[in-house]
Amino acid sequence: MRKLMTVFALCSLLSPLLWADTVSYMAGREVQTDNGVMVTAWSWAKVEYKTSDGKSKSVARKDLVSVNRTTEQGSLSETLSSAIQNMAADPARAASTLENESKTGSPLNKEHALFLLAQLYASDASESTARQAADRVRAYVAAYKDGFFLGDAFPLLARMQIMGKDLDGARQTYKDMARLGNPFDNRGSQALGELEIGAGRFDAALAAFRDAAKFAGNDRSLKAKADSWSGLALVAQKKYADAQAIVEPITKDESLEDKNSFDDDAALAVAYRVLGDCLFDGRQTYEAAYNAYMMGAYYAWWIGGNSEGYCLAQAWRAAKNAMASDSKFKERMEKLEEALNAGYPNELRQAKAKDGK
């Protein structure tokens, strides 16, 4: 009996060491990780947990890097873990399990399950089912107004709304997202501006990009990205001089080179495209327009953007117009035409249609 009690006491002493959740956060400029913890609560504002020695700690959202929950003496339930594993292999079964866990699990697992259920519906959404998926995401947002996953839920909801042609709903969602604070104020405003450009509402786009630039704070790359998109909206309004005044300094700003970010490259991809449009459509110089478009195509390719074909086709048009004064552009035009035929035949057809060929 004494031996059994000793073993029980030993297990009791060791059990805190078996807690297996992990929380990583910024402490100054360094990432700190607390291993072997138990997450006890979370919200949009913070994560709370107990350490292996029984102390209570919390990490503010602004400092949080990641939270990893496990079933091995952690806060993740076996039921929720099973559903996560089934999301790809057996989505119907996963959906049923998540639905049940969102009603019967612990507070943490209820919230997590409801958000995962929304993600599951969104992952397989089409134009015909997007509104149903949006309803699932909206259910999470409504149930957890201070929810831990709001930063992921808002862009997911907006994407489903756009897919379902509910643009007014997406506009409101991006505005709600911007109210979450840094960095979502910038992201929400930037996304709203890009939505408005696509909808042809250029003044509304400019207002959103101005907000995005303001919310960028000291992040030069994010500000340049917002400003470059402002230039794109101005070009759409044929305000070439105003657009050029914004984007040309961006293309010359060497401080934008940031090896840890794609935002600088995204900014330059748009800035060079806009500069090319200003030089080409503003009838300034075709050679300079060609150079700008080629740089725009390079940065678009680098970030995996969708404007590479447009920039190459416009470079083809610029080379075609520049041939009259410089014969080297004939060869460049021919090489571009070959590349466009292989990769972007539709863009080439549109470019030829613009030139009446």
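The values are calculated or read from the model by the stated rules, or taken from the named source; none is laboratory data. The structure displayed is predicted, hence computed values, not measured ones. As a convention, Cβ positions derive from the backbone with ideal geometry for all residues, glycine included, and neighbour counts pool all protein chains shown.
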Taking the stretch 50-71 and keeping only residues that are part of a strand (DSSP E or B) and polar (S, T, N, Q), one is left with S56, S58, S66, N68
From the option list E287, E248, single residue qualifying as assigned by TED's automatic domain parsing to the domain that holds P345 and under 29 Å from the mean Cα position of the chain (by Cα) is E248
Filtering the stretch 72-101 down to residues that are part of a loop (DSSP other than H, G, I, E, B), under 11 Å from A113 (Cβ atoms) and of a type in the set (S, T, Y) yields S77
Restricted to the stretch 84-113 and to residues being in contact (Cβ under 8 Å) with a residue 12 or more places away in the chain, out of contact with any Gly (no Cβ under 9 Å at 6 or more places or on another chain) and of a type in the set (A, V, I, L, M), the residue surrounded by the most Cβ atoms within 10 Å (Cβ to Cβ) is L98
Selection from the stretch 338-357 of residues more than 33 Å from the chain's Cα centre (by Cα) and in a helix (DSSP H, G or I) yields E338, K352, A353, K354
Of (1) without any contact (Cβ under 8 Å) to a residue 12 or more places away in the chain; (2) closer than 30 Å to G181 by Cα; (3) touching a helix residue (DSSP H, G or I) at 6+ places or on another chain (Cβ under 6 Å), S75 fails just (1)
Of the residues in the stretch 154-173, those that are touching a residue at least 24 places away in the same chain (Cβ under 8 Å) and more than 17 Å from R136 (Cβ to Cβ) number 3
Among residues of the stretch 182-241 being closer than 24 Å to L64 by Cα and charged (D, E, K, R), the residue surrounded by the fewest Cβ atoms within 10 Å (Cβ to Cβ) is K214
Within the stretch 282-321, residues being outside any helix (DSSP H, G or I), in contact with a helix residue (DSSP H, G or I) (Cβ under 8 Å, 6 or more places away or on another chain) and over 21 Å from Y240 (Cβ atoms) number 2
The helices (runs of 4 or more DSSP H) lying wholly within the stretch 150-250 that contain at least 3 residues that are of a type in the set (S, T, Y) are 220-236
ask   = Within the stretch 336-356, is even one residue under 16 Å from A269 (Cβ atoms) and acidic (D, E)?
value = yes
